[in-house]
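Read the structure below first, then the notes.
The values are calculated or read from the model by the stated rules, or taken from the named source; none is laboratory data. All values derive from a computational prediction rather than experimental measurement. Here the Cβ is made from the backbone with ideal geometry for all residues, glycine too, and neighbour counts use every protein chain on show. With ligands, DNA and RNA removed, areas are computed over all heavy atoms of the protein, side chains included. Shrake-Rupley method; radii C 1.70, N 1.55, O 1.52, S 1.80 Å.
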Amino acid sequence: MAFDEVLNLAIKLESVIASGPIVPTVTPQEIRRHLARYDFAKPLAVGEVVADVEAMLRKWQVHVTHPRYLGLFNPSVTPASVVGDTLVALYNPQLATWRTSPAANEIERHTLGWLGGKLGLPADASASFTTGGAEANLSAVVVALTRAFPEYGEHGLRHLPAPPVLYVTGEAHHSFNKIAHLTGLGRQAIRTVATDRDLKMDLGDLAGQVARDRGRGLAPFMVVGTAGTTGAGAIDPLPELARFCRREDLWFHVDAAWGGAAVISPKLKGWLAGIEAADSITCDAHKWFSVPMGAGMFFCRHPDAVGEAFRGQSSYMPGRTAGPVVDPYTSSVQWSRRFIGLKLFLALAQHGESGYVEMIEHQARMGDVLRESVERAGWRIVNRTPLPLVCFTRDGLVARDFLAALYERQIAWMSEVRLGDEAPVVRACVTSFRTKESDIEWVVGEMSRLALHESEVTA
Ligand SMILES: Cc1ncc(COP(=O)(O)O)c(C=O)c1O
């Protein structure tokens with residue numbers, strides 16, 4: 001059966017990648033020279049082209065599925081999810097309406113319903129798969145604007161009685177800057193709320209800014225709390241933010257693009273308490289749920305507001321499907337829709353909830369191992385989070401140079417991050433369910449040797 005072959009290939013590739021280099025050294029010129037042979041003038045044997053492309057991918061990319069990729073939130077992928085994506089490409093279902101793809105739509109609904117329940121949302125909450133977290137965050141802002149300003153949909157922002165403003169911290173994802181541009185709010189509509197020493201939103205500053213903005217005749221409408229910031233894994237104080245937003249009649253969005261998966265873990269879910277009170281939530285399956293890109297999810301407890309924000313009609317589109325169903329094109333940004341949810345459905349079905357809990361708790365445990373190991377080796381940890389993301393430095397360290405040396409020796413892939421106004425530090429995040437304690441101990445040992453070598457060279 002063809003899918004066993006895909007599965008076997010996925011499993012074989014896993015060990016090939018794990019034993020190879022993590023970081024490529026290649027110039028754009030080298031790749032462009034190689035691609036010059038593809039002038040598309042005449043047909044080529046596809047088998048040879050596939051082999052060539054695979055060789056290029058193997059040689060010329062940072063291997064995010066490598067057990068020593070300690071990077072941005074790009075995961076190792078479960079083989080079942082790879083099979084899921086292949087199946088989708090083969091059948092190419094169009095999910096815009098329920099009637100064109102009943103099976104696919106119901107599989108997505110079923111999967112989203114499971115996670116919506118874990119997030120503590122009511123059964124009638126709206127939920128849809130998105131291309132990623134950025135689209136989910138965009139959806140949240142559009143729905144929040146629609147709810148707060150009924151005239152926004154027909155007349156746009158220029159007809160509103162007061163300029164809308166929204167509140168994030170400096171640690172929130174940069175997608176909100178683009179979203180402010182895209183929606184016409186403008187970047188000036190974003191207020192950056194101060195953070196405490198753990199990089200969590202400071203409620204006093206939030207309250208002060210909201211009051212001052214109202215005093216100036218502006219219209220605060222939304223607060224974004226992040227559950228697992230991109231830079232440091234900080235979790236904003238969600239219960240307090242939920243209470244504040246309810247009291248002040250503000251939309252409360254939780255960007256849990258990465259951290260949201262922790263709700264399924266009995267050990268970790270307490271850290272996300274308060275998420276169940278959100279008006280809307282972003283959670284990405286293509287992060288901690290370990291499925292291939294792009295698979296974001298947008299949840300909203302106000303299906304009526306979602307329907308109003310994304311309603312659409314046209315002579316070439318079918319009318320609303322009858323019955324107790326929602327046509328996805330009327331409840332999301334997209335029209336043509338890939339069957340995004342199958343990869344999560346298949347992986348969940350294969351591993352079961354308990355298998356997924358084990359994968360997530362394993363990575364959290366590896367985060368603890370990394371934290372302890374780095375500290376024991378004399379590095380200074382500069383962030384605090386229960387999630388597997390560790391930011392660290394040492395006196396005199398130039399993060400960029402250190403990382404370049406780390407890549408050159410193929411020790412690991414980590415990144416550089418600037419937290420607040422501080423100098424850049426090293427950021428290491430466990431994103432692979434394949435990362436083992438021995439990988440971490442080896443990496444930290446090599447890092448120490450490298451730091452010693454660098455200090456001897458510069459002495
Ligand atoms: C907290 C957070 N929100 C949103 C996003 C955007 O998600 P995506 O890359 O899936 O669009 C990211 C990406 O890393 C993120 O870390």
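The distance between label points at R37 and V49 comes to 1.4 nm (points 7 Å beyond Cα on the Cα→Cβ vector). Taking a label point 7 Å from the Cα of A273 along the Cα→Cβ vector, which residues of the stretch 253-267 have an amide N closer than 18 Å to it? Only 260, 262-267 pass the distance filter. For chymotrypsin sites (Phe, Trp or Tyr not before Pro), the sites in the stretch 34-114 that DSSP calls loop and that have at most 14 other Cβ atoms within 10 Å are Y38, F40, W60. Classify the chain as rounded, prolate or oblate, taking a ≥ b ≥ c as the square roots of the eigenvalues of its Cα gyration tensor: rounded when a/c is under 1.5, otherwise prolate if a/b is larger than b/c and oblate if not. In terms of gyration-tensor shape, oblate. Between N177 and R197, the FRET efficiency from the beta-carbon distance, with R0 = 35 Å, is close to 0.90. At q = 0.10, 0.13, 0.17 Å⁻¹ the log10 of I(q)/I(0) for the stretch 97-249 amounts to -0.42, -0.69, -1.11, computed by Debye summation with a single uniform scatterer per C-alpha, solvent ignored. Between S315 and L160, what FRET efficiency follows from the Cβ-Cβ distance if R0 is 35 Å, with the result rounded to 0.05? For R0 = 35 Å, the calculated efficiency reads 0.70. The distance from the alpha carbon centre of the stretch 256-293 to that of the stretch 378-428 is 25 Å, rounded to a whole number.
The share of accessible area on the stretch 24-65 that comes from carbon and sulfur is 63 percent, using a 1.4 angstrom probe. A straight Cα-to-Cα reach below 28 Å connects K59 with the lysines K12, K42, K287, K343, K436, residues fewer than 8 places away in its own chain not being considered. Entry for the stretch 320-445 at q = 0.12 Å⁻¹: log10 I(q)/I(0) = -0.64, Debye formula applied to identical alpha-carbon scatterers, no solvent contribution. Against the criterion of solvent-accessible heavy-atom surface with a 1.4 angstrom probe, H253, H159, H351 sort, most first, into H159, H351, H253.
Using 0.36 nm per residue and subtracting the Cα-Cα separation, the extra length available between Q410 and E361 on full extension is 15.0 nm.
Round to a whole number: what % of the accessible area of the stretch 275-381 belongs to carbon and sulfur, probe 1.4 Å? Solvent-exposed carbon and sulfur of the stretch 275-381 make up 54 percent of the total. Excluding ligands, DNA and RNA, the accessible surface per residue across the stretch 107-237 is 41 Å² with a 1.4 Å probe.
The listed residues Y316, Y329, once ranked by accessible area (1.4 Å probe) with the largest placed first, stand as Y316, Y329.
DSSP beta bridges confined to the stretch 173-305 are antiparallel in about 45 percent of cases.
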